[in-house]
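The structure appears right after this line, and notes come after that.
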Amino acid sequence: EPDAAGIDDELLDGERREALHRAIDGVPEHERRLIRLLLREPTLSYDEISATLNMPKGSIGPTRGRCIARLRGDRHLVSVIRGRPSPGHDLA
């Protein structure tokens, strides 16, 4: 018999991933490229990030910070992470 808690956790994880990727799709392109690279390759150095994205090293931290602030402000993403559907969501 399948473990109901395990299935629920998998469904929630999938919903969270989907909400994160939807929120990332809504940020400006340069922020989106950076955050996707950081998610794929979290151990890259600033030198490697700079070379990969053709971005000045001094812009990486501030750009990352602005992107994270935008993601924290995404109501749907925040509601999914906290486990509550957002208004207008099909589960609301």
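Among the residues of the stretch 38-45, are any modelled with pLDDT under 95, open to solvent by less than 70 Å² (accessible area, probe 1.4 Å), assigned to a loop (DSSP other than H, G, I, E, B) and not acidic (Asp, Glu)? Among the residues of the stretch 38-45, not one is modelled with pLDDT under 95, open to solvent by less than 70 Å² (accessible area, probe 1.4 Å), assigned to a loop (DSSP other than H, G, I, E, B) and not acidic (Asp, Glu), which makes the answer no.
Assess whether ARG32 counts as being without any contact (Cβ under 8 Å) to a residue 40 or more places away in the chain, at negative phi, in a helix (DSSP H, G or I) and surrounded by 10 or more Cβ atoms within 10 Å (Cβ to Cβ).
So ARG32 fits the description; yes.
Hey, can you tell me all the residues within the stretch 51-74 that are in a loop (DSSP other than H, G, I, E, B), modelled with pLDDT of 95 or more and loosely packed, with under 12 Cβ neighbours inside 10 Å? Those that are in a loop (DSSP other than H, G, I, E, B), modelled with pLDDT of 95 or more and loosely packed, with under 12 Cβ neighbours inside 10 Å: ASN54, PRO56.
The values are calculated or read from the model by the stated rules, or taken from the named source; none is laboratory data. Predicted model, so just to flag it, every value in this text is computed and none were measured. Note that we place each Cβ from the backbone using ideal geometry, even for glycine, and neighbour counts take in every protein chain shown. Ligands, DNA and RNA are excluded from the accessible area calculation, which covers all protein heavy atoms including side chains. Shrake-Rupley method; radii C 1.70, N 1.55, O 1.52, S 1.80 Å.
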